[in-house]
Amino acid sequence: MLELSQGQQLALRQLNDIVANSNGVLEVLEPATESKSKGFIWIRLSLETKNYRTGNGLAFRDRERISLHLHPDFPFKKPDIYFTHTRFIGTPHVQWGNSICLYQSSEMEYDPSDGMFGFFDRVEQWVRAAGKGELDPDDAPLHPPVAYTTSSSRFVVRADTPTGIADNGIWIGRADLRKIRDDRFDLIGWTNLDDWGDADPGHPIAAAILFDKPLATEFPTKVNDLFKLVENEGLSFGLLYSLLKLFSLVGSEEEHAYFVLGAPMRRKAAGEPLRPHLTVWEIGPDTLKTLRAMVRSKGEDEAARDELVKWMVEAEVRWCSVLEDRPEIVIRRDGGTLLASLSGKRVVLLGCGALGSAVAEMVLRSGAAKLRLVDCGIVKPGILARQRYADSDIGSAKVNALQVHLQVIGLECVVTADNGNLANQALSRFDFKEWDLVIDATASASVTHRIEEELKAQNLPIPMLSMSVSAAAECGSLLVKMPQYSWGLHHIARQAKLEAFAKDTGHSLVKAFWPERETVKVFQPEPGCSAPTFIGSAADIDHHAAGLLNLGLSRIESLALDAASLDLVAAPWSRLDDSKRHRLSYTFKGYARHNEQRHCYAVLRSDVAALDMTAELKRITRTRSNKIETGGLIFGEIDDAHRVIWVDSVSGPPPDSTASETQFLCGTAGTKEFNAFKVAASGKSSRFIGIWHTHPISRGRPSQDDLHAMLALLHFQEFPPRQVVMLIVGYAATRREENYYLYRRNEFVLIAQHEEEDGGQQ
Amino acid sequence: MFDEKCVYFWPVGTGDSTTFVVRPNEVVFQVDLRHSQKSEDEETDCAPVIDYLEEHLPKVDGMPYLSAFAITHPDKDHIQGFEELLERVTVGELWFSPRIFREHDDDPGSLGDDAMAFRDEAHRRVTATVKAGGDPGVGNRVRLVGWDDLLDEEHYQGFPLEFFSVPGDVVESLDGDDLSGEFRAFIHGPFKQGSDEDVGDRNDTSLAMQVVLGDDPSVGGVLLFGDHKYPGIRKIFDVTKAHGKEANLLWQVLLAPHHCSKSVMYQDEDGKEVLKQDILDDLGAYQVGAGYVVASANSIPASNKDGDNPPHAKAKARYQELATGGFVCTHDDGGYAEPLKFAVDGADIEYAETKSVENETSALAAAVSAARGSDATPSTKVGFGCSS
């Protein structure tokens, strides 16, 4: 008595349900029978196929017998299905002459919970398509032909086949190989017989024949049948035999020889021309020895001839496993993804630490053409917890160790290493024309400052990403600088901070990156003697590295060329209290640039500040006259390190100010409070830095009164500032011009001494 | 209708009526007949065969003229209306095997009126032929199919051999005309009574033959096995193969024996119905090109109950699996009350399909869907309660 597994019983119940509802279309011919495969059973069925026959596809009879081979672990293992005859041999999707290939990927397409029902739905679809001849429609990729592997050798095909094969008849030449292991070769090139030359190629080769017409969908298992097949396709036996003899002389005595056979039977996607499907035939050393004997005896060696004939008639073809990596037929698994946009690109990576070492591998795997690694650090033991280095790398330069790791992956990316100190020289060490993207993963303020300085001298015409994580690695930060945004990361960070404080002040993400001083705890891995860093695991870092890289690439796709952006992203597991918003995004353009006239500082004035001034000019015109001077306070930052004056915003005249056509007296009422507000609202990045006023109908040159005002501000207050910006808006009533002057307390005395002779100008 | 070389299978319910147009508008050969009064009423989808014959047969002396009529066996579903046929049509020659009447010898009443009419007419012609010592002339000709010992019997003594055939013979004449090159019938049965080949069932006494409207059996002809069942057909294949005459088994059209009975390929063995794959394999092996299996039977049900008479759904299914051209049924295919026509063009016998099947809704998909069941909420109210 046949014992059925629980799954097989389920299969029969489901099958019987279908049969009972099929009105005779599906019939079980006999009770299940035992299979030779342990635990499996056979179920023989008859399916009405009359209505699927159209004349264009498989020539179904009115009914077809089919057999199901049921695994004991059904439904978790799908049934195999066969025709009980081999009438459809040579048809795509009917393998071994009778095995029906129902699924391209049963993993995706077969649903155990739908069992026989889904399976027979699929059978129905298959039979319908087969009847119409639409199993391989023109607008879909082709199912490749089948050659049943019998050799243990593997070929990885890297090189696209030569072009123009279809037009020029059969292509004969050699496949250039690289031996990777005893049982693996990479096919790295093709050389036409005509281009062969006399020189030893210096690497292993295989004979290659690329037919111009499709061959059978199943490749022969007998040498004899293979000879017949290629002869039918127009390659004479004589020529094939000559090639065999020729290649028997190429390799060493103990090695196999290989024949690569191709026929246009593959298509990558809809509408694309057919490309060759490749198979590799392995010929053993004994056969080669016989062939050599034939060559050397000029065909006179009787024993060798007999041996050869026997081989041709009786031997099985040994097919090698072919693993395709040809761009012409293989669709990259990351096609269409954000990272895929780096394919063929040249990338500079600054910093090879936690984020950097992870990002480097992702860039490499994207198919990037070149990757430059820059870092001056060495591998230390503690970093193995989260950086992609090995114990054997400890003590080595990070860039060299990472370069080796990446090269081992074996992709066609040129990885170079540079262990220069970025804090000393950052971008200026590169010729920007040779690169497409800069990724800064240093999270280093000194590198940021260096870049900022370098960009004053030379614009960076390619996008730059800068990524970092928060102190507990719960949040990631990504800055993007597009090519026409004039300033560097330091500037972006400052602008971003103002935006963040203006729009999301108090948000945990903002606090994470711009904490109140007193809440910051510095983490030192070796207390007392190591550089502070962050706490975070390999998992934390990989998450942020991948996420920030993708985010950056999506930003590059969407940002205007003169824009910059900041994204702050909380990890999904982070314990931040603002759980509803795990990402804050800010996009902005650069401030308008002016030049400070006394110290050659750059002045960066926000659009908001310009609007504020315009509003005040309109107000004074409306309430009094456009001839009346006006002004107010300037808020921003004077950055002596980078010699930049930031003008973030301006106020109108304080309420106790007075103004006339010749004078503006800036009041003080409420200014202290207003400044305190500005300081707090900007996270201390923007504060009172000076005073602006107008010269309605004259140039914006400092007047005697203006200089007195500066003097008063810098010297005659209880707590005077060190330096003050004076903005004079010249010709304010007509064609506005902004004139910036920076006055320092210590130099003012000097100016005062020269006042009489030079009108205050040096 | 009879103006081209062809074969007609008439819709006559579950029974046989086959017409061979051997020479257009001249020589027509009919095998079996079933013509009922009912068929003359247009309400049924049975064809009034005699009406058609009367109308379309060539006329000789003002009478419709059928060159030859062969009876496979005298059951009603093969001979009904013969008496009327004789009245309305001149039949040049009759073919029969005396064996088919043997079992009725003791009880002549068991024969139907039409069978009696056939037997009487046949005997009349035998007598006339013996008396003539050769061709007895139009309307008196008869071809005997039997075994040599038949001629020892009193009634048949002196019967001329030119009108006598034994299984294994080839007949190339009809109604006294030599039709070599146009007509060829290879006689497969019945087997010799009491011989090793005799399988004893009444239906196995049927006349069985391969008819080719040409001279080359290897192109495949029309196989007519009457009401033979598995053992008889098995014997036919075995004996023919044993004699090296396989060409005479080749077919392009197979008239499903016994009106698509499953007894051809299912046998009762120890109370179990067993599929005899061997006969299906043989039938499949001797098919030439895209062969057709024809069921001369009422519409074939999707399934049968035990004990149902033919036609049998299971037999149809098995034929469908082996016929490359297809399976057709006189009452399921073709026009209403019109015969299935197979035109003979050189070596090819082609089915003139009158009904094209374009069925986009799949019965298999529907079966899967029905078996899987619906997940819709109830479409009618259902009541629940605690009262018994």
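The numbers here are math on the coordinates, done by the rules we state, and not lab data. Remember, it's a predicted structure, so these values are computed and weren't measured experimentally. So basically every Cβ, Gly included, is an ideal-geometry build from the backbone, and we count neighbours across all protein chains shown.
A few comments on the model shown:
- Placing a label point 7 Å from the Cα of B:Ala343 along the Cα-to-Cβ direction, the residues of the range B:208-249 whose backbone N falls under 18 Å from that point are B:213-214.
- Amide H partners (placed H, <5 Å) of A:Asp436, local residues excluded: A:Arg346, A:Val347, A:Val348
- A DSSP coil position with no more than 16 other Cβ atoms inside 10 Å describes the following GluC sites (Glu not before Pro) in the range B:10-107: B:Glu26, B:Glu42, B:Glu43, B:Glu103.
- Centroid-to-centroid separation of the range A:1-79 and the range A:430-483 [C-alpha atoms, Å]: 64
- ³J(HN,Hα) computed for each position of the range B:93-103 - Karplus, 6.51 cos²θ - 1.76 cosθ + 1.60, integer Hz, glycine/proline x: 9, 10, 10, 6, 10, x, 4, 5, 9, 4, 6
- Nearest 10 degrees, 0 to 90: helix B:313-322 Cα axis against chain B principal axis: 80
- Cβ-placed point charges (K, R +1; D, E -1), dipole of the range A:377-484 about Cα centre in debye, nearest 20: 180
- Of A:Gly700, A:Ile689, A:Ala641, farthest towards positive along the dipole that unit charges on Lys, Arg, Asp, Glu beta carbons give the range A:616-710: A:Gly700
- Isotropic mean projected area of the C-alpha convex hull, the protein assembly as shown (nm²): 79.8
- Note on the range A:6-132: dipole from Cβ charges, positive end direction compared against A:Pro75, A:Ser99, A:Asn23; the farthest Cα belongs to A:Ser99.
- Remark: the range B:1-138 carries a charge dipole of roughly 700 debye about the Cα centre, counting +1 on each Lys and Arg Cβ and -1 on each Asp and Glu Cβ.
- Between amide H atoms placed 1.01 Å from N, distances below 5 Å from B:Tyr266 occur with B:Lys276, all of them 5 or more places distant or on a separate chain.
- Among the listed pairs B:Lys192/B:Lys314; A:Lys511/A:Lys684; B:Lys235/B:Lys314; B:Lys5/B:Lys59; A:Lys433/A:Lys481; A:Lys78/B:Lys276, those with a Cα-Cα distance over 20 Å are B:Lys192/B:Lys314; B:Lys235/B:Lys314; A:Lys78/B:Lys276.
- Nearest-0.05 FRET efficiency for A:Ser152 and A:Arg333, computed from C-beta distance (R0 41 Å): 0.95
- With Cα atoms, 0 to 90° folded angle of helix A:237-248 axis to chain A main axis: 60
- Bridge type composition, the range A:154-324 - antiparallel percent by DSSP, nearest 5: 70
- Peptide ranges A:257-265, A:541-549 listed from the most packed, as the mean C-beta count within 10 angstrom indicates: A:257-265, A:541-549
- Hits among aspartates and glutamates - C-alpha to C-alpha of A:Lys77 under 13 Å, sequence gap 8 or more where chains match: A:Glu107, A:Glu109, A:Asp111, A:Asp114
- Placing unit charges on each Cβ (+1 for Lys and Arg, -1 for Asp and Glu) gives the protein assembly as shown a dipole about its Cα centre, and among A:Cys475, A:Ile620, B:Thr380 the Cα reaching farthest toward its positive end belongs to A:Ile620.
- Fraction of antiparallel bridges per DSSP, chain A only, in percent to nearest 5: 70
- For the range A:8-86, the list of trypsin sites (Lys or Arg not before Pro) that fall in a loop by DSSP and count at most 11 other C-beta atoms within 10 angstrom reads A:Lys36, A:Lys38.
- Cross-link partners for A:Lys245 among the lysines, with Cα-Cα distance under 26 Å and sequence neighbours closer than 8 places in the same chain left out: A:Lys179, A:Lys213, A:Lys222, A:Lys228, A:Lys289, A:Lys298, A:Lys310.
- At an R0 of 45 angstrom, the distance between the Cβ atoms of A:Lys672 and A:Ser428 translates into a FRET efficiency of 0.55.
- Folded to 0 to 90 degrees: helix A:445-457 orientation relative to chain A principal axis, Cα: 80
- Take each residue of peptide A:18-29, count the partner chain Cβ atoms within 10 Å of its Cβ, and average: the result is 6.
- The GluC sites (Glu not before Pro) of the range A:618-701 that DSSP puts in a loop, and whose beta carbon has at most 15 other beta carbons within 10 Å, are A:Glu661.
- Residues in the range B:239-244 carry Karplus couplings, in order, of 5, 5, 5, 4, 8, x Hz; the curve used is 6.51 cos²θ - 1.76 cosθ + 1.60 with θ = phi - 60°, and Gly or Pro positions show x.
- Computed [θ] at 222 nm, helices only, for chain A once each DSSP H run of length n ≥ 4 contributes -39500 (n - 2.57): -9000 deg cm²/dmol
- The mean sequence distance of close C-alpha pairs (under 8 Å, at least 6 residues apart), as a share of the length of the range B:6-372, puts its relative contact order at 15 percent.
- Dipole magnitude for the range A:150-252: about 400 debye, using +1 per Lys or Arg Cβ and -1 per Asp or Glu Cβ, origin at the Cα centre.
- Chain A, relative contact order in percent, only Cα pairs under 8 angstrom and at least six apart counted: 6
- Counted over chain B, the DSSP beta bridges are approximately 55% antiparallel.
- In chain B, helical runs assigned H by DSSP with n ≥ 4 each contribute -39500 (n - 2.57); averaged across all residues and rounded to the nearest 500, the mean residue ellipticity at 222 nm is -6500 deg cm²/dmol.
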